[in-house]
Amino acid sequence: MKIIICKDYEHMSRFSADIVIEQIRQKPDSVIGLATGSTPLGMYKELIRQYKKGRVDFSKVVTFNLDEYLGLSPDHPQSYHYFMFNNFFNHINIKIENVNLPGGITAYNLDGVCREYDEKIEKAGGIDLQILGIGHNGHIGFNEPGKKLYTQTHIVSLSHETIKANSRFFDHIDEVPRKAITMGVGGIMRAKKILLLASGKDKAAIIKKAFSGIITTEIPASLLQLHKDILVILDKEAAKELK
Ligand code: F6R
């Protein structure tokens with residue numbers, strides 16, 4: 001595991017965008033795992049900027065998003081589908097048929113949908129580069145802390161902490177969906193390379209716990225310490241509690 005400390009959020013965003021661009025230069029048909037949330041927004045902005053300058057070509061890139069709420073239609077402004085198109089896909093030359101998001105409101109055969117998602121990732125050759133954020137409770141994707149973690153894509157009940165954290169995007173906490181579909185920890189760990197981003201002082205405590213040397217399902221991100229090619233990119237604030 002390698003940890004890079006950047007001076008601020010902008011630096012972290014540029015640094016991570018450069019890694020994505022280099023990945024695509026080396027393998028134009030890269031399979032990239034994507035996250036939503038506030039953290040990667042700057043990276044997406046930077047990737048769009050670099051695309052507009054002609055420095056990166058997404059025409060052969062395939063993407064798989066980590067997770068999606070259950071019960072929100074793809075055009076709901078808080079759905080991850082909407083987030084990804086609004087903040088990234090609509091501004092680059094990715095082919096719509098190469099974009100994959102799990103579940104969605106139409107997913108009624110949920111077990112089948114989960115299995116198909118994992119099969120699709122496998123068929124695409126597996127994820128070359130997985131982008132991750134981290135929840136304040138250590139979740140990755142929507143793999144919440146608990147006694148056990150799931151390897152495959154599955155349905156989760158969101159923890160109270162996550163519902164509260166995500167309520168900042170909704171008018172009222174009651175509007176936050178209680179369930180989501182997420183890639184499992186196994187799917188994440190199978191990615192050839194992982195890039196975990198964290199920014200801000202409110203992430204400092206969980207960064208310390210997740211990467212301190214102890215591995216526990218109560219802090220799902222701690223399992224990433226077992227991955228052989230993971231780069232943790234932090235800004236100074238998020239790195240504050242690391243020694
Ligand atoms: C989102 C996701 C989540 C977020 C995490 C951090 O697709 O998988 O695990 O990465 O909740 O969210 P932010 O970046 O908003 O702090």
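The values are calculated or read from the model by the stated rules, or taken from the named source; none is laboratory data. This is a predicted model, so every value here is computed, not measured. Neighbour counts are summed over all protein chains in view; Cβ atoms, including those assigned to glycine, are modelled from backbone coordinates with ideal geometry.
In segment 126-232, counting only strands (runs of 3 or more DSSP E) that sit wholly within it, the ones holding 1 or more residues that are touching a residue at least 40 places away in the same chain (Cβ under 8 Å) and surrounded by fewer than 21 Cβ atoms within 10 Å (Cβ to Cβ) span 154-157, 179-182, 193-198. Restricting attention to segment 100-124, and to residues there that are more than 16 Å from the ligand (Cβ to nearest atom) and assigned to a loop (DSSP other than H, G, I, E, B), which single residue is surrounded by the fewest Cβ atoms within 10 Å (Cβ to Cβ)? Among those residues, the one meeting the criterion is Y108.
Taking the condition acidic (D, E), more than 22 Å from S167 (Cβ to Cβ) and either within 17 Å of the chain's Cα centre (by Cα) or at pLDDT below 95 (or both), does D111 pass? Yes: the conditions hold for D111. Might you check whether a residue that is modelled with pLDDT of 95 or more, of a type in the set (D, E, K, R) and within 16 Å of the ligand (Cβ to nearest atom) occurs anywhere in segment 16-27? Within segment 16-27, not a single residue is modelled with pLDDT of 95 or more, of a type in the set (D, E, K, R) and within 16 Å of the ligand (Cβ to nearest atom). Residues that are assigned to a loop (DSSP other than H, G, I, E, B), of a type outside the set (D, E, K, R), touching a strand residue (DSSP E or B) at 6+ places or on another chain (Cβ under 7 Å) and at pLDDT below 95 do occur in segment 59-70, at least one of them.
Check whether at least one residue in segment 125-133 is more than 9 Å from the ligand (Cβ to nearest atom) and touching an Asp or Glu at 6+ places or on another chain (Cβ under 6 Å), and report yes or no. No, the conditions are met nowhere in segment 125-133. Only residues that are in contact with a strand residue (DSSP E or B) (Cβ under 9 Å, 6 or more places away or on another chain) and assigned to a helix (DSSP H, G or I) were counted in segment 18-34, giving 4. On the stretch given as segment 28-61, residues that are more than 14 Å from the chain's Cα centre (by Cα), within 15 Å of the ligand (Cβ to nearest atom) and of a type in the set (S, T, N, Q) total 0.
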